[in-house]
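Here's the structure, in structure tokens; my notes come after.
Computed from the coordinates by the stated procedures, all read-outs in this text should not be read as laboratory data. A quick note: this is a predicted structure, and the numbers were derived from the prediction, not measured. Here the Cβ is made from the backbone with ideal geometry for all residues, glycine too, and neighbour counts use every protein chain on show.
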């Protein structure tokens, strides 16, 4: 699998008006090895450096090995961050008695990192199943998350370590815990109380350095029901983190195509709000996949992070865990199994991918190039946070992932917003298969559309709010219920893109029977019942889908969803977003190619990522004539002289091109 | 106690109707009255499985088994949840072992146990499990598909292909394709009496199709004969004859009828189907079969199984890439097509894409076990046994 498609020198005959694009005809010169920056300071790449790499090792073997060779290799692969894990059990073997040797060991680790120009994220309270880092014999099974006495002991430990190493330049950030540790919290209040206490304790000693809570708000709420958003807001950095259970829940299937390739950026977008976010824990969760698939997946995840506003990325593990010789391996909830090197320390193909990616990322100067603003959002309904017995909290994230994927396939620059968020910065909203929205949300939607925004809402079952009639101009007549087939007949060709009629097998959980009312019926089912309507409301447009298509795709088989349905969804999304001014600056004809544009004053940089496990050629069409393109890493510029140009992409490949306009 | 029973019955009724959300709410109402009733947890496990919420299903099924270790429906839900979730093969093996002891005649338990073993790379144990399943039910298609996959891994495609074909023959979907091409509806409750069929060509052919679907070959033969007596060159009647011969393993006669039919109407889908199937069964005629199925795919391109039949012929020609494309199309058209899933798994294996092959096998199991609806059988047996006590 090739990583990049080389730019090609083109002919000068321009393809006009966004018409048929052409592939460049002359072969490109080989990309020269550049002499630019080795790392991107504004987009650090890190790796978790676990204290134990052997299942048979004891907790007391905590960082017992010499890290020199590993750190040298890490630095050589242009990785700039290492995550180190504090073992409370080792550092405080008796109450109030700290192990000076262990503290020195941590100091040695930091010194070794510094000697290789690496920075460290020091994680205080992490579970990893093997090193028993928080299993204190003297704690008498009290919960370190909620027990006041243990929290006081945690504060003492943290302050002691921060105080000792606060002057150590190798420390990039203090991190309070890891995903597995936070999964043990049972309430928002407990998490908030614990996080505030620990953060304030660090701030007393070190007022300057970054502090990270390190829990992904979406995966945590899925895992434990605890909504960590308020707690995370009190920190300088957030993280997104695809956990094994979340992958099994949202996108269980092949890793190199389909929804799994969008999951990392979906969670990243879900975590992005007001603070920068690290795409954390990038990597696979089990040894079931081949090394080639692992490399392809990690490549996709790395580029997804950079293309979707991550502020850095950390990889799951430096070295594979040496397990006892037993089969079968199981999906490890603590995610400590699979690394960038095998158990003997031999690099796996994925490590070469990381280095290649680092080389590309290093050439993107984020002080000069800014990502194109997202004017479209998938709205996550508040019902996502409803606990059982309501199933909406389980359906909603899957529907949102499918909506997000459809928007990406339509090349719409898209992010995630939540019910209750300020919508002023958006021009288009996609509300996928929501069963219920709150009254303030309906009011907010009315105001949003009236003032010029566009919204696509798909019916999610249940009774309709009266505001549906007002905003979408349809009369709700009831839920027809389950349908095994989706039929589409076009009533108004061209109104919402180039739609086609079809009949496909797809289990629809609901189908809203609506009267056209004031709206224009764009498409109907086979019996003439409206499927897709468009209503002009104030200055904006409101589009209603009578069936929860996003949920139907998610709940049926996202890897084998009928093409016709996916095409319908992305055509509607793309058409609405473009008409509302939320479309892409650089358009593309290949649904599997994700586009991210970074805009600069002298030119732009475009990233193209192939989400398919097969080669494709994407035709990119800019709003202006592109004079030339050049691989971001350097090499010969290819003349284009047209608005459109072709980019060949290998399976799961990515390319970064610098565009100069004519 | 009475309140709990009412709530449980409501939940059961809603669950049987497929009203998942309402049934879950009813289960929680029942749980609020007491959480030591295994049936509630078992029902919840089943409902969560229906929604593909595997972690919840695992949790509820585990609770049900903890309360009553003989609750076979809960084992089924637990094993299926492990398998569909993936990556938990060791637990899965234990559960299917347990279920095969609690319900030794449950064929699916042995098939699933074999798949869990295979996923954990215990190939010999897997083959033993599938053989055990076939001892219990020689017509178990998925066990045969799995044996074909095992054969492919060990001996290559040449030896595996006959097993794939054998599994295909066991798969009822192939007959369904013929009747779909024929355009016949549901089989009537009563046997068809040829003497009472309206004496028109259309009525006789329609009735013959229904008789064939009902496996009433004598009635079908009488009706077809009546049509052919009036017009020996009726292509549709000849195609029905070809199918009837095919069902009786009379390949030469079937081929003759199908070819005669096609000489009269070269695009008749039912005749193309019969001829293609006859060719596919004959060693060395894969090229012919592929050509016929390509023609059939042009006539009936929306039928998933047509592409599967074509793909199997292409596999026989060792044209793996083309076969893979045809299988993919089959899966796109019908994600629940077990035969297409296993075929795609086979073509992935020939390309060394083991993880994707494993995924297709898991999806085949997903759809096959959904179709079987075993949960309610085991659940009702459990409830019945409880009532007896």
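Observations on the structure shown:
- Over all directions, the projected convex hull of the C-alpha atoms in region A:162-229 averages 4.6 nm² in area.
- Burial ranking of peptide ranges B:191-204, B:233-246, A:399-412 (average Cβ count within 10 Å, highest at the top): A:399-412, B:233-246, B:191-204
- For residues of A:386-394, the mean tally of beta carbons on other chains within 10 Å: 5
- Taking A:140, B:370, A:348, B:139 and counting other C-beta atoms within 10 Å, the order from fewest to most: A:140, B:139, B:370, A:348
- Relative to the dominant Cα principal axis of chain A, helix A:188-205 is inclined by about 50°.
- Note: relative contact order over chain B, using C-alpha pairs below 8 Å and six or more positions apart, is 9 percent.
- Relative contact order computed over chain A (Cα-Cα under 8 Å; 6+ residues apart), in percent: 16 percent
- Shielding by other protein chains, A:138-149, mean Cβ within 10 Å: 0
- Counting Cβ atoms of other protein chains within 10 Å of each Cβ in A:253-261 and taking the mean gives 2.
- Sequence-distant contacts, meaning Cα pairs under 8 Å at least 6 residues apart, place the relative contact order of region B:325-389 at 26 percent.
- As an equivalent ellipsoid, region A:57-209 spans semi-axes of 25, 17, 15 angstrom, where each value is the square root of five times an eigenvalue of the C-alpha gyration tensor, largest first.
- The Kirkwood hydrodynamic radius of region A:376-580, based on inverse pair distances between different Cα atoms, is 16.4 Å.
- Protection proxy ranking of B:85-94, A:436-445 - average other beta-carbon atoms within 10 Å, highest first: B:85-94, A:436-445
- For region A:102-166 and region B:67-87, distance of Cα centres in Å: 39 Å
- In terms of the mean number of neighbouring beta-carbon atoms within 10 Å, the peptides A:614-623, A:453-462 order highest first as A:453-462, A:614-623.
- Each 10 Å bin from 0 upward holds the following percent of the Cα-Cα pairs of region A:374-492: 12, 42, 38, 8, 0.
- For region A:344-410: rounded, prolate or oblate by the Cα gyration tensor [a/c cutoff 1.5]: oblate
- Ranked for footprinting exposure by Cβ neighbours inside 10 Å, fewest first, A:380, A:338 give A:338, A:380.
- The convex hull drawn around the Cα atoms of region B:79-189, when projected onto a plane and averaged over every direction, covers 9.1 nm².
- Residues B:164, A:59, sorted so that the one with the fewest Cβ neighbours within 10 Å comes first: A:59, B:164
- Percent of Cα pairs exceeding the 27 Å cut-off, where the set is region B:173-372: 35 percent
- Histogrammed with a bin width of 5 Å, the alpha carbon distances of region A:202-261 distribute as 4, 17, 20, 18, 14, 12, 8, 4, 3, 1 percent, first bin at zero.
- With semi-axes defined as the square roots of five times the eigenvalues of the C-alpha gyration tensor, the equivalent ellipsoid of region A:586-661 measures 20, 13, 11 Å, largest first.
- Shape analysis of region A:37-362 places it in the rounded category; the axes a ≥ b ≥ c from the Cα gyration tensor give an a/c below 1.5.
- Between residue A:536 and residue A:480, the C-beta separation translates, for a Förster distance of 35 Å, into a calculated FRET efficiency of about 0.85.
- Three-way shape label, chain A, alpha-carbon gyration tensor, a/c 1.5: oblate
- Spatial extent of chain B: Rg and Dmax, with the Cα atoms as the point set, Å: 23.8, 73
- Distance between region B:294-358 and region B:121-200 - C-alpha centres, whole angstrom: 16 Å
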